[in-house]
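Q: Sending over a structure as C-alpha cells; questions will come in a sec.
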Amino acid sequence: MVIFMCGIVGYIGDRDCTNVLIDALEKLEYRGYDSAGIAVMGNGAINVAKCKGRLANLVEKMENEGRPSGNMGIGHTRWATHGEPSDINSHPHGNRRVTVVHNGIIENYRQIKEFLINEGYSFVSETDTETVAKLLDYHYSGNPVDTIIKVLSEIKGSYALGVIFRDFPNTIYAVRKDSPLIVGKGEHENFIASDVPAIMKYTRNYYLLEQNEIAVIKKESVTFYNTHKEKISKEIHVADWDVDAAEKGGYEHFMLKEIHEQPTAIKTTIMPRIQNSMPDFSAEGFDNKRLSSYKKIFIVACGTAMHAGLVGKYVIEKLARVPVIVDIASEFRYREPLIGEGDLMIVISQSGETADTKAALELAKNNNADTMAIVNVKGSSIARDADMVIYTHAGPEISVASTKAYMVQISVMYLIAFELALGNDTITKEQCAAYTKQLEEIPDIIEQSIALENKCQFVASKLLNAESLLYIGRGLDYALSMEGSLKLKEISYIHSESYAAGELKHGTISLITEGMPVIAVVTQDDLEEKTISNIKEVKSRGAMVILVCGKDVQVEDEVADYVIRLPKADKLLMPMVAAVPLQLIAYYAAVLKGNDVDKPRNLAKSVTVE
Ligand code: F6R
C-alpha cells in the first residue's frame, strides 16, 4: 500500500497560478519531497505537470517541456513510506473531468478500486488517491458538492483533498478529515494549503477546515458546507507570525535561523504565562489546584518532543514530587498502559498532527484521564482533541530537525513544574518566584550559548570521520544527551548513542576504541564528580573527549580533548543552555559533510502516519 504524508495547495485569482503553486509548495516541501505536481485549469482543460523527486525537478521539467498556465489550480508535494516514489504515483491524479490532490490514507481503497474496475475504470498508479479521483468521476452528477458528499460517504480513512472539475473552471473544492487543511482568504484571490506558511506571503487570513467540511472556493468568495449540504459560517483566523518567519532571513539554512530564534521563541512562549514573577495558566483555564489533584502524570510524545518530556520528568519529580512516566507514543499506545481517572496525560507535539501522539491522547481520553497538549501549531488536531492546551509560540518551524520547538517545549515544562510544585507545597512562593525569574533570564543566557557557534563548528569538524560516537551524561544531562545524539544522527548521518554515564561499564564501554569521539555533558554539580570519573574511564581507553560543561566545573587537562564552557544559569535550567551547543555541533557536522541540512534523507517534518 502506498501511504502518503504530503503537502497540498490550491490557488484561484488573477496571478499566474503555476508560479503561486510552486512558490507555496516550496514552503511545504518539509512535508515530503518524493515527488511534486500541479494541475492548472487553462483553456477549458485541466493540464497536469508532475514528476518524481524534489520540486526543483518539476520546475526543470516544466522549463524543458512547457508549463501549464491559467488562474486556478492545485498542487502537491509527496512523502511516501511504502511503494516507490515515481512519476506515475505523483499527484495530481484523475482524468480529464476531475483531478485531485490528497494528503492522507484511504483505507478502503482496494474495495473501491475493485468496484470501479468492474464498472469499467482503469488505473495507472498504485495510489489510493487515484481511486478517490475516479470515484468522484463515477458519482459525478453535474453538481460537485453533491458528488463530494456522496464520495465522502463511501471512503474511509484520512484525507485532505483539493479537487477541480473541468466543468467548473472557476472553483476549487476542498475537504478534510484527520489530515490538516486551511483555506486562505485574500483580496480577489483565495487559497488552500496544508498549513499557513505556504500562503503567508499572500495572505494572513485563513479558515480552519473542520472534519468533513467542504469548502467551495472561488476568486471572490469562499462558502462552506457540511455533509448535509447545509451552509455553515466559519470564523476567520489571522496568522500572527512575521511575514519573514517562513523565510530563511539571511541564514544559510532554516535550522541555523531557528537555532538563533530560540531566545525570542522562549520569551514569546513564557511571557504570557508569567504574572508578577509567578507562573500563571489562567488564560489556559487551569491553576495549580487542578494540577496538584493528579496522582500520576504521563508525558507521551515522539522523538525530540519526547526528549523535552524527559527534561520535564526530571524537573517535575524533583520540584513537585509527583511520579511522572515518560513514554514514546508508538510504544505507549500499544502497551495497555495503566492510565485512568485521576491521572494527567501531557502530550507534546510541535506539529500537533503526529499520528502516534494523537492516538496516545485518544487512549488516555478513553481511559478517563485528563489530557493536556503542548503544541506549536494552532488549531492542529492534537490541540483540538486535548482537554487543556498550552500553545508554544515558536512560530513556524521549517527545518525538519527540531530546535526551537524543543526549547519552547522545555520552557513550558519548567513553568508547569513550578506551578505544580507550588500547588503541592513542595516549594514556597518565594522559591517559585525565584525559579520563574531565573527562567525569564534564560533567553539572554541562551544568546551567550549561541555565541559559542565558532567553537561548535570547530568541534564538529573533529567528528566528520567518526563512524560512531557516544553522548554521555547523568540526570538532566542524560536527558539532554539523548536529544544531542538524535540531532547529530538525523542530519549528519553519523551514528551515535546516548548513554547514562554510569551505565557505560555495564557493556557499552567495550565500544570505545582509539580516537572514538565521546561527547560528555556535565552541568549538574551534584553529579559532576561521578561523570568526570566516567569520562576518565573512556579517556584512558583512547576516546577523544568533547566536554560540554558548566562554567565552574573543575576539569584537569588530561580529561578532555576539547572543552565547551557554557554560560552560567541555575543548574535546573541548564538543559536549555546546554542544548544550544549540541544543536550547533550537529548542524555544523551536517554542513561540513555537505548534507541537505533542512531536509535530511528519509525524513519528513510532520509524521501523520504510524
Ligand atoms: C527531530 C524531530 C522529530 C519530532 C517528532 C515529533 O528533530 O523533529 O523527532 O520531534 O517527529 O514531532 P511533533 O513534535 O510534530 O509531534
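The values are calculated or read from the model by the stated rules, or taken from the named source; none is laboratory data. As the structure is a prediction and not an experimental result, all values here were calculated from the model. Neighbour counts run over all protein chains shown; Cβ positions are idealised from the backbone, glycine included.
Q: Quick one: MET255 ticks every box in (1) within 19 Å of the chain's Cα centre (by Cα); (2) in a strand (DSSP E or B); (3) not β-branched (Val, Ile, Thr) except a single one, so which number is it?
A: Exception for MET255: condition (2).
Q: When you scan region 316-330, how many residues do you find that are under 24 Å from the mean Cα position of the chain (by Cα) and either of a type outside the set (Val, Ile, Thr) or over 13 Å from PHE298 (Cα atoms) (or both)?
A: Matching residues across region 316-330 total 3.
Q: May I pose another question? What number of residues within region 461-494 are at positive phi and within 16 Å of the ligand (Cβ to nearest atom)?
A: Going through region 461-494 one residue at a time, the tally reaches 1.
Q: Let me ask something else. Among the residues of region 565-610, count how many are polar (S, T, N, Q) and over 19 Å from the mean Cα position of the chain (by Cα).
A: Count: 1.
Q: Continuing with the same structure: Working only within region 552-568, note down all residues that are closer than 18 Å to SER481 by Cα and either at pLDDT below 95 or among the small types (Gly, Ala, Ser) (or both).
A: VAL553, ALA560
Q: Anything in region 22-59 that is modelled with pLDDT under 95, crowded, with 24+ Cβ neighbours inside 10 Å and assigned to a helix (DSSP H, G or I)? List them, or say none.
A: Result: LYS27, LEU28, TYR30, ARG31.
Q: Mind listing just one residue for me: the one in region 484-495 that is touching a Leu at 6+ places or on another chain (Cβ under 7 Å) and buried (at least 23 other Cβ atoms within 10 Å of the Cβ) and, of those, nearest to ILE532 (Cα to Cα)?
A: GLY484
Q: If I filter region 320-357 down to residues being touching an Asp or Glu at 6+ places or on another chain (Cβ under 8 Å) and either of a type in the set (Asp, Glu) or at positive phi (or both), which single residue comes out as nearest to the ligand (Cβ to nearest atom)?
A: In this case the residue turns out to be ASP356.
Q: Only residues that are exposed (fewer than 15 other Cβ atoms within 10 Å of the Cβ) and of a type in the set (Gly, Ala, Ser): list them for region 520-549, please.
A: Across region 520-549, the qualifying residues are SER533, SER540, GLY542.
Q: Right, another one. Report whether or not TYR207 is within 28 Å of the chain's Cα centre (by Cα) and in a loop (DSSP other than H, G, I, E, B).
A: no
Q: Assuming PRO180 fulfils every condition listed in (1) touching a residue at least 24 places away in the same chain (Cβ under 8 Å); (2) part of a loop (DSSP other than H, G, I, E, B); (3) over 17 Å from ARG31 (Cβ atoms) apart from one, which condition is it?
A: Going through the list (1) touching a residue at least 24 places away in the same chain (Cβ under 8 Å); (2) part of a loop (DSSP other than H, G, I, E, B); (3) over 17 Å from ARG31 (Cβ atoms), PRO180 breaks only (3).
Q: If you check LYS150, LYS156, LYS201, which single one turns out to be free of Cβ contacts under 8 Å to residues at least 60 places away in the same chain, surrounded by fewer than 19 Cβ atoms within 10 Å (Cβ to Cβ) and more than 21 Å from GLU230 (Cα to Cα)?
A: LYS156
Q: Cβ contacts < 8 Å: first residue within 9 Å of GLY73 (Cα to Cα), restricted to region 33-45; second residue part of a strand (DSSP E or B) and polar (S, T, N, Q), any location; separation 6+ or different chain. Result?
A: Final answer for the pair search is ALA39/ASN47; ALA39/THR99; VAL40/ASN47; MET41/ASN47.
Q: Just name the residue that is surrounded by the most Cβ atoms within 10 Å (Cβ to Cβ) out of those in region 217-254 that are modelled with pLDDT under 95 and among the aromatic types (Phe, Trp, Tyr).
A: PHE254
Q: In addition: Limited to region 281-324, what total is found for residues that are in a loop (DSSP other than H, G, I, E, B), over 27 Å from ARG474 (Cα atoms) and among the hydrophobic types (A, V, I, L, M, F, W, C)?
A: 2
Q: Give the residues of region 564-610 that are among the hydrophobic types (A, V, I, L, M, F, W, C), closer than 23 Å to VAL311 by Cβ and away from the ligand (no atom under 16 Å from the Cβ), sorted by residue number.
A: Within region 564-610, ILE564, LEU566, ALA569, LEU572, LEU573, MET574, MET576, VAL577, ALA578 qualify.
Q: Sort through GLY303, GLY250 and tell me the only one that's more than 23 Å from GLU440 (Cα to Cα) and more than 16 Å from the ligand (Cβ to nearest atom).
A: GLY250
Q: Search region 215-227 for residues being assigned to a loop (DSSP other than H, G, I, E, B) and in contact (Cβ under 8 Å) with a residue 60 or more places away in the chain, and hand back the single one that is farthest from PRO180 (Cα to Cα).
A: If we take residues in region 215-227 being assigned to a loop (DSSP other than H, G, I, E, B) and in contact (Cβ under 8 Å) with a residue 60 or more places away in the chain, then LYS219 is farthest from PRO180 (Cα to Cα).
Rundown of residues vs (1) more than 28 Å from ARG110 (Cα to Cα); (2) acidic (Asp, Glu), yes/no style:
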{"residue": "LYS134", "(1), (2)": "no, no"}
{"residue": "PRO144", "(1), (2)": "no, no"}
{"residue": "ILE148", "(1), (2)": "no, no"}
{"residue": "VAL175", "(1), (2)": "no, no"}
{"residue": "GLU189", "(1), (2)": "yes, yes"}
{"residue": "TYR207", "(1), (2)": "yes, no"}
{"residue": "VAL222", "(1), (2)": "yes, no"}
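Q: Follow-up. Among ASP570, ASP552, which is free of Cβ contacts under 8 Å to residues at least 60 places away in the same chain and surrounded by fewer than 24 Cβ atoms within 10 Å (Cβ to Cβ)?
A: Answer to the check: ASP552.
To keep it simple, each residue is scored yes or no on (1) within 23 Å of TRP79 (Cα to Cα); (2) surrounded by 17 or more Cβ atoms within 10 Å (Cβ to Cβ); (3) free of Cβ contacts under 8 Å to residues at least 40 places away in the same chain; (4) among the small types (Gly, Ala, Ser).
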| site | (1), (2), (3), (4) |
| --- | --- |
| PRO92 | yes, yes, no, no |
| GLN111 | no, no, yes, no |
| PHE123 | yes, no, yes, no |
| THR127 | yes, yes, no, no |
| HIS139 | no, no, yes, no |
